[in-house]
Amino acid sequence: MKWLSNRYAYPLVILAMIASVGLQAAWLIQLFRAQQVQVKRDLDQAVANAARVSEYLSVAPGHENNDNFRDFFLSPEWLQLKQAYTQMRQIGVASRFETEMKNDSTRISMSLKIANHRPPGPRKSKMISIFDEGETLQSVMAADKKDLKRMDSLVKLECRRQQINEDSFYILYDYRTGKPESGEDWKKAKYADYQSPHFGYNLNFFIHTYQLVVPSVTKTVMYRMRYYFISSLLMILLTGLAFWFLFRVMRSERLYTRARLAFTGNMTHELKTPVAVIEAALDSITRYHLANDPERLENYLNISKNEISRLNAMIDKVLNLEQLDNGEINLRPELYDVQQGLESVVSSMRLRNNSGLVAIHYFPSDEPCFVNGDPVHLTNVFYNLMDNAIKYSGPEASVKVSCASADNQIVVTVEDNGPGIDKIYHNRIFERFFRIPENPDIHTVKGTGLGLHYVKEIITRHGGKIEVAAGPGKGAVFTIYLPAYDEI
């Protein structure tokens, strides 16, 4: 799997992301086109509804209370019939349209005349309009302008109902010739996204037809697709996050595997060293018959005892971490004097390092420092921190240990004069098996990479936290914050 993850993982992820983005783009483009068609249908319906209402309002005066009259002229069937009649003119069909509206009934006569043979030469169309009594061409034209404003207002109202808010304009066509009154608007309409069919807007007379033109429907389409865009973007982001998380897990797994292998090698060496020393000591005792030399025998026995103690400490450290990970360690909290625990550890470390080159300075607090904690594990925490401080500070180590009480917290600091810890490792040093790399495979200071992980786990389980910072010159400062003991 290593060749797959290292060599092909990134190209496969890039390919998958490109495919995901491509599929989302193709789906959105297809949906965009479908929404364009739907918006145009909605515009057709809006203009048709406006034309139907406008024609009804042109003949409604005097018939407002007649239900049959209103239902007929507002029906979609009547609009379709009227539109079909209007469009017959475009295929060379002669027509006649008459209306007679009385109080008790309305008569509408439509007649079509179709020539059996097309006459040679251009065909001249002729239109005759018969006005009602009292009407003139001027009054009809004035009424037509009024009806046109009404028609345009109704169209805008219907568009708002359909939630279509686009810039638009209309073109008037001469009913007799079918030619637009504005050539400039007619040219602009050629490049528009939408052009409605021609609709009449007054049933009493036929002077103009109305056509709605919408240059672009993109804004409405984008608005209607807003949730699709958001969902598509979220899908791509989630896919990217999933791959990112997967790579982080893979990278962490690789780092963990390397650290575990390094731990195995270091631990093997650490375990082998005391075993070899004990073996050499016992071999010397038997080979040189040191039973007759009590002084040398005691010396070799003390060496063996110290190495066994060191071996036992390493095994306990591994077992403690294993029990922590498996949840098998149950803390036994009690009233614990932090300063007494620190004093015992400091005394032990001074006895162990009695060469005179290692200096351990302890600064106790004037106030009592009690916590509700497990004495065994907290003592191990202090031991680990001081042991690390001495090991990494070199032969002339200088360690400062202090304890203080502030803001319902007990603060313990351990400061050394070693090489310090680079800021980029301040969080990682608490990871299991992690050791600050000096050389890919060699560490000048031997260790397992378990101590600080154990320290953080124990402090966290006590409800506290641990931080690391750079010292004033060189070195590192570890600070522990534990909740102070509260009798309540």
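All of the numbers you see were taken from the coordinates with simple rules; none came from a lab. Keep in mind that what you see is a predicted model, and the values were worked out from it rather than measured. Reconstructed Cβ throughout: ideal geometry from the backbone, glycine too, with neighbour counts over all protein chains shown.
A Förster radius of 25 Å combined with the Cβ-Cβ distance from residue 343 to residue 288 puts the calculated FRET efficiency at roughly 0.05.
Extending 7 Å from the Cα toward the beta-carbon at both residue 149 and residue 107 defines two label points whose distance is 3.6 nm. Sorted fewest first by neighbouring Cβ atoms within 10 angstrom, 220, 86 come out as 86, 220. Normalised by the number of residues in the stretch 334-483, the mean separation of alpha-carbon contacts (under 8 Å, six or more apart) gives a relative contact order of 24 percent. For residue 194, the residues 5 or more places off, or on other chains, whose built amide H falls under 5 Å of its own are 214. With 0.36 nm allotted per residue and the present C-alpha distance subtracted, the residue 60-residue 303 stretch has 75.7 nm of extension available. Counting Lys and Arg as +1 and Asp and Glu as -1, what is the net charge of the other residues whose Cβ lies under 13 Å from the Cβ of residue 410? Taking every Cβ under 13 Å from that of residue 410, the sum is -3. Of the residues 340, 385, 364, the one whose Cα sits farthest toward the positive end of the charge dipole of the stretch 336-392, with +1 on the Cβ of Lys and Arg and -1 on the Cβ of Asp and Glu, is 385. Backbone N atoms of the stretch 363-378 closer than 17 Å to the 7 Å Cα→Cβ label point of residue 350 belong to residues 363-365.
Taking every lysine pair in the stretch 334-483 that is 8 or more places apart or spans two chains, those with Cα atoms closer than 17 Å amount to 6.
Quick one: Cα centre-to-centre distance for the stretch 393-413 and the stretch 213-238, in angstrom? One Cα centre to the other: 61 Å.
Residues in the stretch 426-431 carry Karplus couplings, in order, of 4, 8, 6, 5, 8, 7 Hz; the curve used is 6.51 cos²θ - 1.76 cosθ + 1.60 with θ = phi - 60°, and Gly or Pro positions show x. Per-residue extension of 0.36 nm, minus the Cα-Cα distance of residue 241 and residue 280, leaves a gain of 8.3 nm for this segment. With bins 10 Å wide beginning at 0, the percent of Cα pairs of the stretch 374-437 falling in each bin runs 17, 44, 35, 4.
Remark: the residue 181-residue 160 segment gains 4.9 nm on full extension, using 0.36 nm per residue and subtracting the alpha carbon distance.
Remark: 69, 382 ranked as 69, 382, counting other beta-carbon atoms within 10 Å and listing the fewest first.
In the stretch 334-483, Rg over Rh equals 0.95, where Rg is the alpha-carbon radius of gyration and Rh the Kirkwood radius from pairwise Cα distances. Database remark: amide H of residue 373 closer than 5 angstrom to the amide H of 334, 336 (H placed geometrically; neighbours at sequence offset of 5 or more, or on other chains; Pro and chain starts carry no H). Rounded to the nearest whole Hz, the Karplus-based 3J(HN,Hα) values (6.51 cos²θ - 1.76 cosθ + 1.60, θ = phi - 60°) of the stretch 147-162 follow the sequence 5, 5, 4, 5, 4, 5, 5, 5, 4, 5, 5, 5, 5, 5, 5, 7, with x at glycine and proline. In terms of its C-alpha gyration tensor, the stretch 181-225 has an oblate overall shape, because the principal axis ratio a/c (a ≥ b ≥ c, square roots of the eigenvalues) is not below 1.5 and a/b does not outweigh b/c.
When the listed pairs 149/219; 145/219; 102/156; 82/219; 82/179 are checked against a 29 Å cut-off, the alpha-carbon distance exceeds it for 145/219; 102/156; 82/219. Ordering of 387-397, 222-232 by packing is 387-397, 222-232, highest average first (other Cβ atoms within 10 Å, averaged per residue). As a proxy for reagent exposure, 198, 208 were ordered by neighbouring Cβ count within 10 angstrom, fewest first; the result is 198, 208.
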